[in-house]
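K.L.:
Before anything else, here's the structure in question.
The values are calculated or read from the model by the stated rules, or taken from the named source; none is laboratory data. On a predicted model such as this, the values are computed, not experimentally measured, just so you know. Virtual Cβ from ideal backbone geometry, glycine too; neighbours counted across all protein chains shown.
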Amino acid sequence: MFREGYLEIIGLTDPNMFSSVKEMVARYEGLHIVAIGCGNAETAYAEFQRASLPVDAVRFLERDAAYGPGDRETRRAKFRNMYIDRQKFPEAKFLFIEHMTRDVLWQPHLLEHPNGALAIDAVYFVVPDPAATAAKFAPMFSSQAQELPGVVRLPLDRGALWLTTETQWRERVPGSFVPPAPAPAGFGIRVASLEATRKYLGAQGIRTHEAMHAGGKSGAPPSLWVAPEDACGAAIQFQQAQ
């Protein structure tokens, strides 16, 4: 859990049981699900319907969650989800989520991390045609596309989606693994101190790489990358908080 956003790590513990994870890991190990927060799921669903987007009706879900330092308590986490048709939006498994019990998940003691991580502020997609994908994404995410050298940026209320081609991605990001396009290939983490993050990761034996093109923008803040081979298939960018 971060001050903004969260990272969910999913895997198979029993291959004989049904799981939607099987199909994902059969394609590749890496980033698959992109969850976008929304203020009110019913309002968002109505907006999606007006835009003729292929979104499922709102689903109410809940589960038990460990609560408090030491996980001594259990409380109920409640949320409402909407899923986007994967056939029409194959770039990721997209869902929009309204968290109804934020205090159960964003617990203060879970928000401090030794590597200085504060927030998820970017998801990077590898796609055949960034401009065409941005146009398709516009009714769902943002119509304020910003075309930069080699990439298209779609700003959200918090963070942004970045679209680029496999060729451009390989030029900017260390490592050799790239998931089959279209797919999310990496994500960005905002940190309190990039130098402190660099030292911490180095002490843990994690290789880091300086940004090769600083996100395609001149004057962009410095950042570090961890190659997908060292991060379960998803490239990770660490960038200084502004």
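K.L.:
Does at least one position in segment 110-117 carry a residue that is surrounded by 15 or more Cβ atoms within 10 Å (Cβ to Cβ) and under 16 Å from the mean Cα position of the chain (by Cα)?
P.N.:
There is at least one residue in segment 110-117 that is surrounded by 15 or more Cβ atoms within 10 Å (Cβ to Cβ) and under 16 Å from the mean Cα position of the chain (by Cα).
K.L.:
Then there is this: Is it true that some residue in segment 115-123 is among the β-branched types (V, I, T) and in contact with a helix residue (DSSP H, G or I) (Cβ under 9 Å, 6 or more places away or on another chain)?
P.N.:
no
K.L.:
So if I check each of R76, R102, which one is touching a strand residue (DSSP E or B) at 6+ places or on another chain (Cβ under 7 Å) and either farther than 23 Å from R3 by Cβ or surrounded by fewer than 19 Cβ atoms within 10 Å (Cβ to Cβ) (or both)?
P.N.:
Unique residue meeting the criteria: R76.
K.L.:
Sticking with this one: Just the residues that are acidic (D, E), surrounded by 11 or more Cβ atoms within 10 Å (Cβ to Cβ) and more than 22 Å from A135 (Cβ to Cβ), please, taken from segment 44-72.
P.N.:
Hits for segment 44-72 are D56, E62.
K.L.:
In segment 144-160, which residues are touching a residue at least 40 places away in the same chain (Cβ under 8 Å) and of a type in the set (K, R)?
P.N.:
R158
K.L.:
If R86 passes every condition in (1) within 20 Å of the chain's Cα centre (by Cα); (2) within 24 Å of Q107 (Cα to Cα) but one, which one does it miss?
P.N.:
(2)
K.L.:
OK, next. Which members of segment 125-154 meet the condition of being loosely packed, with under 15 Cβ neighbours inside 10 Å, more than 17 Å from L53 (Cβ to Cβ) and among the small types (G, A, S)?
P.N.:
Scanning segment 125-154 gives a single hit, A131.
K.L.:
Only one of (1) of a type outside the set (A, V, I, L, M); (2) at positive phi; (3) surrounded by fewer than 16 Cβ atoms within 10 Å (Cβ to Cβ) is not met by G5, so which one is it?
P.N.:
All conditions are met except number (3).
K.L.:
I need a count of the residues in segment 155-172 that are under 18 Å from A138 (Cβ atoms), more than 12 Å from the chain's Cα centre (by Cα) and surrounded by 21 or more Cβ atoms within 10 Å (Cβ to Cβ).
P.N.:
2
Every residue, every condition in (1) touching a helix residue (DSSP H, G or I) at 6+ places or on another chain (Cβ under 9 Å); (2) not polar (S, T, N, Q); (3) not in a loop (DSSP other than H, G, I, E, B), yes or no:
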{"residue": "P139", "(1), (2), (3)": "yes, yes, no"}
{"residue": "L161", "(1), (2), (3)": "yes, yes, yes"}
{"residue": "W169", "(1), (2), (3)": "no, yes, yes"}
{"residue": "P179", "(1), (2), (3)": "yes, yes, no"}
{"residue": "I189", "(1), (2), (3)": "yes, yes, yes"}
{"residue": "K199", "(1), (2), (3)": "no, yes, yes"}
{"residue": "G202", "(1), (2), (3)": "no, yes, yes"}
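K.L.:
Follow-up. So G205 fits all but one of (1) out of contact with any Leu (no Cβ under 9 Å at 6 or more places or on another chain); (2) modelled with pLDDT under 95; (3) surrounded by fewer than 16 Cβ atoms within 10 Å (Cβ to Cβ); (4) of a type outside the set (A, V, I, L, M); what number is the exception?
P.N.:
Among (1) out of contact with any Leu (no Cβ under 9 Å at 6 or more places or on another chain); (2) modelled with pLDDT under 95; (3) surrounded by fewer than 16 Cβ atoms within 10 Å (Cβ to Cβ); (4) of a type outside the set (A, V, I, L, M), the lone unmet condition for G205 is (2).
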